[in-house]
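Worksheet: the structure to be examined is printed underneath.
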Amino acid sequence: MEREYWGSKMGFWLAAAGSAIGLGNIWRFPYLTGANGGAAFVLIYVLIAFTIGFSVMLAEFVIGRSTKLNPVGAFQKLKGGPWQIVGWMGVAAGFIILSYYSVIGGWTIKYILSSFTGLISPNTDATNYFLNFIGNGPQAILYHAIFMAITIYVVYRGVGKGIEDTCKILMPALFLILVILIIRAVTLPGAFAGVEFYLKPDFSKITGQTLLAALGQAFFSLSLGMGAMITYGSYLGSKKASLPQSAATVTLLDTSAAFLAGFVIFPTVFAFGVEPGAGPGLTFITLPKVFAMMPGGAIWSALFFLLLCVAAITSAISLLEVVVAYMIDNLKWPRHKASLIIGGAIFLLGIPSALSNGAVPINVFGMAFLDAMDYLASNILLPLGGMLIALFVGWVILGTAKKETTTEGEFKFQPVWIWICKVIAPLVIFIIFLNKIGII
Ligand code: PFF
């Protein structure tokens with residue numbers, strides 16, 4: 001079987017940015033910012049994204065392009081032994097994250113439709129509406145199924161015709177919708193208070209918890225630590241793309257999208273005097289309340305949830321692609337079979353997540369199943385994976401890493417990058433990890 005490759009450098013960048021820009025940017029980043037003191041969190045986040053985030057992304061691209069294999073195959077080829085476990089953790093994380101990510105993706109589809117059917121009305125209590133919807137088992141499963149079906153369809157069509165072509169259309173559309181929404185938000189009367197909250201740092205709010213949140217968010221948002229960028233990097237063929245330049249571009253696009261999403265959320269929320277630190281409900285409860293107070297609210301709401309849905313789909317396809325690539329490379333399954341069977345299995349694993357929000361009490365470690373899956377993936381699997389990937393590139397395949405990052409020209413920051421991979425990233429991740437589990 002011939003392996004597939006990206007058609008162009010731009011196609012690769014848009015696909016990788018599509019993976020990175022997702023629910024993490026538009027749903028999670030604003031509520032974390034709101035809950036962690038606004039601008040101080042943003043500053044720390046940006047710092048982590050461009051140092052540790054960029055470095056781990058570049059490390060993943062190196063592993064992917066130098067092996068042209070999925071994460072498991074890549075670690076087997078480069079070193080084998082226990083290092084394969086990092087690849088396995090990645091495939092497992094892809095499976096786990098997509099199972100609940102798709103449930104939330106399903107909520108966005110429901111909310112696009114509901115914008116026109118009663119959600120956006122002064123008579124609707126948005127909190128009840130949301131709780132009733134996510135607590136309705138069959139509905140939550142139905143929308144999860146629709147979202148998974150779209151994801152499977154794109155991956156089924158392949159790297160070029162499926163993933164690349166889809167991202168080439170959806171990513172520009174996403175930025176266009178984002179700009180339209182920002183213009184609406186910042187021109188609302190009273191919007192300035194939101195901009196101020198967002199841009200004026202309050203460093204007293206920074207604690208160990210804030211750092212962990214920023215680090216976990218950077219990994220999740222940049223799709224790092226589980227081999228999504230290894231997989232996408234592995235589809236780089238002979239077309240010359242500089243890996244450092246690619247990692248910088250994708251980090252910049254992702255961080256910009258998150259930063260810009262804040263300019264939609266905070267001005268809108270402040271203009272109507274609503275609490276910004278509302279947690280995960282900020283998007284699905286607070287915003288519909290605000291849209292209901294705006295003229296033309298139904299349209300703004302539909303446009304906002306369309307933005308969220310588009311962002312989620314281009315990320316979901318990368319999650320599925322990690323697992324599918326493993327089946328194709330290592331088990332020699334045809335792509336069609338792999339996308340259907342793996343997609344179907346992930347759909348099944350998502351059912352407890354879909355049901356755990358009120359329909360059926362499914363708890364793990366005192367958390368709803370969906371939250372437990374998210375906790376496991378973003379606070380444990382991704383940082384751990386990221387730490388090991390950085391160590392691997394810095395210590396085990398340094399020669400390959402030096403070569404891969406300079407094939408298209410000089411890489412000025414190479415010594416800094418190597419140092420971050422060898423020492424800084426693993427150390428920072430480890431310290432924050434110890435803090436999280438209460439050891440320091
Ligand atoms: N980066 C995506 C987001 O911000 O929503 C989520 C994600 C996609 C995480 C792919 C990990 C991944 F491999």
**Q.** Pick from the range 258-281, criterion in a helix (DSSP H, G or I) and either at positive phi or surrounded by fewer than 24 Cβ atoms within 10 Å (Cβ to Cβ) (or both), ranking: farthest from the chain's Cα centre (by Cα)
**A.** A271
Q) Looking at this structure, is F133 free of Cβ contacts under 8 Å to residues at least 40 places away in the same chain and under 24 Å from Y375 (Cβ atoms)? A) yes
Q: Please work out if L320 is surrounded by fewer than 20 Cβ atoms within 10 Å (Cβ to Cβ) and either within 22 Å of E164 (Cα to Cα) or modelled with pLDDT of 95 or more (or both).
A: no
Q: Working only within the range 198-242, note down all residues that are closer than 21 Å to I48 by Cβ, away from the ligand (no atom under 15 Å from the Cβ) and touching a helix residue (DSSP H, G or I) at 6+ places or on another chain (Cβ under 7 Å).
A: Y198, L199, K200, P201, D202, F203, K205, I206, G208, T210, L211, L212
Q. Scanning for something aromatic (F, W, Y), assigned to a loop (DSSP other than H, G, I, E, B) and over 24 Å from N25 (Cβ atoms), does the range 316-330 turn up at least one residue?
A. no
Q: Might you let me know whether the range 373-383 holds any residue that is in contact with a helix residue (DSSP H, G or I) (Cβ under 9 Å, 6 or more places away or on another chain) and farther than 28 Å from I420 by Cβ?
A: yes
Q. Quick check: anything in the range 187-196 under 18 Å from T33 (Cα atoms) and exposed (fewer than 14 other Cβ atoms within 10 Å of the Cβ)?
A. yes
(Q) Of everything in the range 76-108, what is assigned to a helix (DSSP H, G or I) and away from the ligand (no atom under 16 Å from the Cβ)? Give them in sequence order. (A) Q76, K77, L78, G81, P82, W83, Q84, I85
**Q.** Members of the range 1-57 found to be away from the ligand (no atom under 12 Å from the Cβ), not in a helix (DSSP H, G or I) and not aromatic (F, W, Y), listed by number
**A.** M1, E2, R3, E4, G7, S8, N36, G37, G38
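The values are calculated or read from the model by the stated rules, or taken from the named source; none is laboratory data. All of these numbers come straight from a predicted model, not from anything done at the bench. Cβ atoms come from the backbone with ideal geometry, glycine included; neighbour counts cover every protein chain shown.
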